[in-house]
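Structure, as structure tokens:
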Amino acid sequence: MNSNPDRPYILNHLGTALHSRSRYSRSIPHIEEAVSRHREALSLQTSPDPRNGRTQTLNLLGDALHSLFELTKLTSHIEEAISLHRQALNLQHPERSETPDYLGAALVALFGQTKTISTLEEAISCLREALSLRAPSHPNRHAVLYHLGRALMCQFQDQRSEADLDEAISLIRDSITQCPAQHLNRPTCLSLFHEALLSRFAVGQSLGDLEEAIIYTRELVVEHYQDGHTLRSVMLRAFVFLLQKHFDLTMSDCHLDELATFSNELEG
């Protein structure tokens, strides 16, 4: 039974498709089915030969569990994801170059639950290694830039080091430049960039940070979080706040039309 040598590949392909679908639907059944498919693929890859794809399956299963954790907030899901990524790292396969990013991102998520500094420090170390393994031309380099930026944002929020915040902003900005307009991950990068710029504005009151935050938050509101999106109202309030703050500081009328339009939408 299940003697088809291509079955693990087929199962992983199906699991990846379900995982991608769940990113849009935010459906727990979709991501649970993805986890199930990757588990079955892993159960079929029993050979110790690193060429059998086990490293990739460990990472795919771990990444799916990470996404499931984002929906359920069950610590057991992210802990299992971390364990799987550690197993993949220990296989010492050429695919290892992908693993530090998976592991680092999962550790950042765990830190969000436990607030254990050693977990965050390990995450940053993993992500710095991952970045060193990703050439500037690598198609997924933006993901490492984002995850490392997010980790440094967490460290800034814990330790209040402006150097961490400055580096986080630089990394997230680079991540955005590598995500074209229609890229699935661009809104996520923009949201974190908004948060980081607003944090630095709160510290230094730099008009440049405020104006850059307005540019990228406008993109979220106008191009990504359109009518009906679950995050539109949250980001709309953030955008109105930025426009009002800009007016309060500069008394410039350059954003007043937008301020009126989007304020009316919120009140409506």
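The values are calculated or read from the model by the stated rules, or taken from the named source; none is laboratory data. Treat the numbers as computed from the prediction; the structure is a model and nothing was measured. No Cβ is skipped: glycine too gets one built from the backbone with ideal geometry, and neighbour counts run over all protein chains shown. Keep in mind that these areas ignore ligands, DNA and RNA; they rest on the heavy atoms of the full protein, side chains included. Shrake-Rupley method; radii C 1.70, N 1.55, O 1.52, S 1.80 Å.
Results for (1) part of a helix (DSSP H, G or I); (2) on the phi < 0 side of the Ramachandran plot; (3) more than 16 Å from the chain's Cα centre (by Cα), shown as yes or no for each residue.
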| site | (1), (2), (3) |
| --- | --- |
| ALA181 | no, yes, yes |
| LEU192 | yes, yes, no |
| LEU198 | yes, yes, yes |
| LEU210 | yes, yes, yes |
| TYR216 | yes, yes, yes |
| CYS254 | no, yes, yes |
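Return yes or no: is GLU223 within 23 Å of LEU171 (Cβ to Cβ), charged (D, E, K, R) and touching a residue at least 12 places away in the same chain (Cβ under 8 Å)?
Answer is yes for this residue.
Out of GLU212, GLU219, GLU223, I need the residue that is charged (D, E, K, R), in contact with a helix residue (DSSP H, G or I) (Cβ under 9 Å, 6 or more places away or on another chain) and open to solvent by 70 Å² or more (accessible area, probe 1.4 Å). Which one?
Only one candidate qualifies: GLU223.
Select from the stretch 233-268 the residues that are free of Cβ contacts under 8 Å to residues at least 40 places away in the same chain and over 25 Å from LEU192 (Cα atoms) and list them in ascending order.
Those that are free of Cβ contacts under 8 Å to residues at least 40 places away in the same chain and over 25 Å from LEU192 (Cα atoms): MET251, SER252, ASP253, CYS254, LEU256, ASP257, ALA260, ASN264, GLU267, GLY268.
Look at PHE193 and say whether it is closer than 25 Å to SER25 by Cα and of a type in the set (Phe, Trp, Tyr).
Yes.
All but one of (1) without any contact (Cβ under 8 Å) to a residue 60 or more places away in the chain; (2) under 14 Å from the mean Cα position of the chain (by Cα); (3) not in a helix (DSSP H, G or I) hold for PRO187; which doesn't?
Condition not satisfied by PRO187: (3).
Please state which of the following conditions HIS66 fails to meet, knowing it meets all the rest: (1) open to solvent by 40 Å² or more (accessible area, probe 1.4 Å); (2) in a helix (DSSP H, G or I); (3) of a type outside the set (S, T, N, Q).
Among (1) open to solvent by 40 Å² or more (accessible area, probe 1.4 Å); (2) in a helix (DSSP H, G or I); (3) of a type outside the set (S, T, N, Q), HIS66 violates only (1).
Looking only at the stretch 152-169, decide whether some residue is under 25 Å from THR72 (Cβ atoms), surrounded by 15 or more Cβ atoms within 10 Å (Cβ to Cβ) and under 17 Å from the mean Cα position of the chain (by Cα).
Yes, the stretch 152-169 contains a residue that is under 25 Å from THR72 (Cβ atoms), surrounded by 15 or more Cβ atoms within 10 Å (Cβ to Cβ) and under 17 Å from the mean Cα position of the chain (by Cα).
What residue, among those in the stretch 170-199 that are open to solvent by less than 20 Å² (accessible area, probe 1.4 Å) and of a type in the set (Gly, Ala, Ser), is farthest from GLN159 (Cα to Cα)?
Only one residue fits best here, namely SER175.
Which number in (1) closer than 23 Å to HIS142 by Cα; (2) open to solvent by 70 Å² or more (accessible area, probe 1.4 Å) marks the one condition that CYS254 misses?
(1)
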